[in-house]
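See below for the structure under consideration.
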Amino acid sequence: MLGLICISLVLCLLIYFGITWYESSKAEYPPGIANPKLLHTIHKFFIVPLILGKTLEKLGIWNVAGLINFLQKISMPKPKEDPEIFTKDLEFGGVAVRVYKPKSPSAGGRKGVMFFHGGGFMFGSIDTYDAFCQYLTTNSGAVVVSVGYRLAPEHRCPAALDDCVLATVHFLKTAQEYGVDPLSVIICGDSAGGNLTAAVCQALVGRSDLPKPLAQVMIYPMVQMADFNTPSYQQNKMVPLVFRDDALYYLITYIGGDPSLSKEMIKGSHVPPEIRQKLSRWLSSEEFKDKGYKPHIMAPFNKDIYVKVKKALDLPCSPLFSDDAVIRQLPQAYILTCEFDVLRDDGLLYKKRLEDNGVPVTWYHVKDGFHGVVGFFDKSDVLSGKLAMDNVITYIKNL
């Protein structure tokens, strides 16, 4: 009996690692991408818990987010204290935040940065972005507030946005208590945090009781859940660190949808005619033709699919589709995109929407970049990561 159990266990492990190897081997590393060897190594380490998590989820044992966040927590080194800044964990509007404040004296009110971390609305935390926020604080001279918003699947859309709005409103009202000029608060985030940045700025439009944010900084943001066949989704669908299928899995989990609907969403069955017309018009510009866009004919609109995933096209998930009347009232923007990233064209689409409505945009494109490259700002073998991070900081300092 024991021998049979051992044989079964070995077979299961072989199958599991076989699947892991197969999934890892499907990854593509296009010519010109930054440090493909390092990217390949990191991808292999990331895909193991992702596949294991999905397996445990199907068995009803654990979910992907729970496993990966647990592994991140136990494997992370203890945050290093920067002698040049004060750090304090607080709550803003009932939402967990970590405030980073430079110790150096300031002649007047400092700039403030509300920062929303990335992670597909499922992963990441204040701790995983601690080094990032310390570097941002030390080099920008701004007071940085990192927001620990609630994550899916335990907390579905719009929980993350609600938390970010609450924390931002609290900071705008109390900025002076932290030595910050209330008129110099920047909203910032990467990936899912870039989505939250766009959505928070839109949610604050028309609030006469609050100072208007000085700027919005979006680092490879996700701003729409309608078209998963933009040029960058087509070209980079198998490029780490985010595959198209994985991006869809995160987004569907966030809205509380059925993962089996991902194929219909890729085909565009959930997209109503009015949004199709907008996308067709925006994507027909020369900017996207130059990216090698192959027009994708969406499947016929399916109202039943639309009803099941309707949240995907609302403001918290798709700020791209908000009315012009809202877009034109937004603060100036900084958008960072990466060539080898499925979300590259989300950033370009939002750039176009802002510019078409008279909102000034500063665009920084990382020609050899992949999704998540800014997180490598402290790795000497990914120079573009540090250059990108420093470009973000330069923009903030010069506001």
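Observations on the model:
- Taking the helices alone, the chain has a mean residue ellipticity at 222 nm of -13500 deg cm²/dmol, built from -39,500 (n - 2.57) per DSSP H run of at least 4 residues and averaged over all its residues.
- Ordering of 80-91, 369-380, 99-110 by packing is 369-380, 99-110, 80-91, highest average first (other Cβ atoms within 10 Å, averaged per residue).
- Listed peptides 45-52, 330-337 by packing density, highest first (mean Cβ within 10 Å): 330-337, 45-52
- Packing-based order for 197-205, 297-305, 185-193, using average beta carbon neighbours within 10 Å, highest first: 185-193, 197-205, 297-305
- Using C-alpha pairs under 8 Å with a sequence gap of at least 6, the mean separation divided by the residue count of the chain gives a relative contact order of 15 percent.
- Spin-label pair Glu355-Asn398: with each label point 7 Å from Cα along the Cα-Cβ axis, the two points sit 1.7 nm from one another.
- Distance cut-off 26 Å, percentage of C-alpha pairs in the chain lying past it: 53
Each value in this text was obtained by applying a stated rule to the coordinates, not by laboratory testing. Bear in mind that the values here come from a model prediction, so they are computed numbers and not experimental data. Quick reminder, even Gly has a Cβ in these numbers, built from the backbone with ideal geometry, and neighbours come from all protein chains shown.
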